[in-house]
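Since the structure comes first, as structure tokens, the remarks are kept for the end.
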Amino acid sequence: MGYAERNVWSGLVASAVGVAVYVAIVAPQLSTTPVDDIAWQWPLLWSLVGAIAGAIVLSVLWGIAAGMRDPHERAQTDVRDVDIERMGSRVGYAFTAIGGVGALVLSMLEAHWFWIGNALFVGFFLSAFVGGVAQLIAYRRGL
């Protein structure tokens, strides 16, 4: 597994954990607390920051472990890696747009900020996750 593919895996794992933590904190409140009273902003922010930091830390630790296993491995990307990253970004952008349109529609309907913020959050997560999965498929099967 190359350097760029390891980074994709790190991002996928970290984003999945970040969303799982956020859902574990906020979802139980939906059944017992009115949406106006749910404290969702800070858990969402910390989930995003934690997922980004987790992806960086995981990538660095995984890179160190790979370097210890094979000291001659180079942390370089080639044209194929650039093409795969570009393709994954294009796939992910669709979900960013869907989340943005969903948030726009919710704001036109004057929905609560909770729903608008979560629509954007889901769009960002799906963008990162689906784009990452598309990249992994391209690494395994080719473009």
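The values are calculated or read from the model by the stated rules, or taken from the named source; none is laboratory data. Because the structure is a prediction, the values reported are computed rather than measured. Cβ: placed from backbone, ideal geometry, glycine included. Neighbour counts: every protein chain shown. Just so you know, the surface numbers come from the protein's heavy atoms only, side chains and all, with ligands and any DNA or RNA stripped out. Shrake-Rupley method; radii C 1.70, N 1.55, O 1.52, S 1.80 Å.
Restricting attention to region 39-83, the residues that are surrounded by 14 or more Cβ atoms within 10 Å (Cβ to Cβ), at pLDDT below 90 and β-branched (Val, Ile, Thr) add up to 1.
For region 99-115, filtering for residues that are within 24 Å of Ala128 (Cβ to Cβ), in contact (Cβ under 8 Å) with a residue 60 or more places away in the chain and open to solvent by 30 Å² or more (accessible area, probe 1.4 Å) leaves 1.
Taking region 116-130 on its own, how many of its residues are over 9 Å from the mean Cα position of the chain (by Cα) and open to solvent by less than 70 Å² (accessible area, probe 1.4 Å)?
7
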